[in-house]
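Trainee: Let me give you the structure first, and then I'll get to my questions.
The values are calculated or read from the model by the stated rules, or taken from the named source; none is laboratory data. Nothing here was measured: the structure is a model prediction, and the numbers come from that model. FYI the Cβ positions are ideal-geometry reconstructions off the backbone, even for glycines, and counts take in every protein chain you see.
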Amino acid sequence: MTLISIGAKGRCTGRCDARCYNALGPVCVCCCGGKNHGKGLQFALDNTSEQSQDLLEKWGDALKVHPLQEELFEEVPV
C-alpha cells in the first residue's frame with residue numbers, strides 16, 4: 001500500500017510504501033525521510049495520517065488527496 005505519493009506534472013516522483021515501512025535495513029530513500037522506515041504498516045498508517053492532517057492545516061487547497069488515500073483523511077475535511 002502506498003501511503004505517500006509525491007508527483008509533478010502527472011508523474012510520481014516519490015512514494016512511501018511497503019518497501020519502506022516493512023524494511024529491515026537501516027537506510028530509507030523514500031519521501032517519508034525515514035519517519036515510517038521499518039515501523040510496520042499500522043504505525044506508518046497512524047503516522048502518515050497525523051502528518052497529513054498537519055499538512056492539510058498548513059497548505060489546505062494546494063494539496064490533492066488521491067482517492068485511494070482518502071481514508072487517511074477521514075477526520076479532516078478535504
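Trainee: Inside the range 35-78, can you point out the residues that are at pLDDT 85 or above and of a type in the set (Ser, Thr, Tyr)?
Mentor: Keep residues of the range 35-78 that are at pLDDT 85 or above, which gives 35-50.
Within the range 35-78, THR48, SER49 qualify.
Trainee: Hey, another quick one. Only residues that are in a loop (DSSP other than H, G, I, E, B), among the charged types (D, E, K, R) and surrounded by fewer than 12 Cβ atoms within 10 Å (Cβ to Cβ): list them for the range 1-53, please. Outline the logic, then answer.
Mentor: First, the residues of the range 1-53 that are in a loop (DSSP other than H, G, I, E, B): 1-3, 9-10, 17, 22-40.
Still in the list and also among the charged types (D, E, K, R): 9, 17, 35, 39.
Within the range 1-53, just LYS9 meets the criteria.
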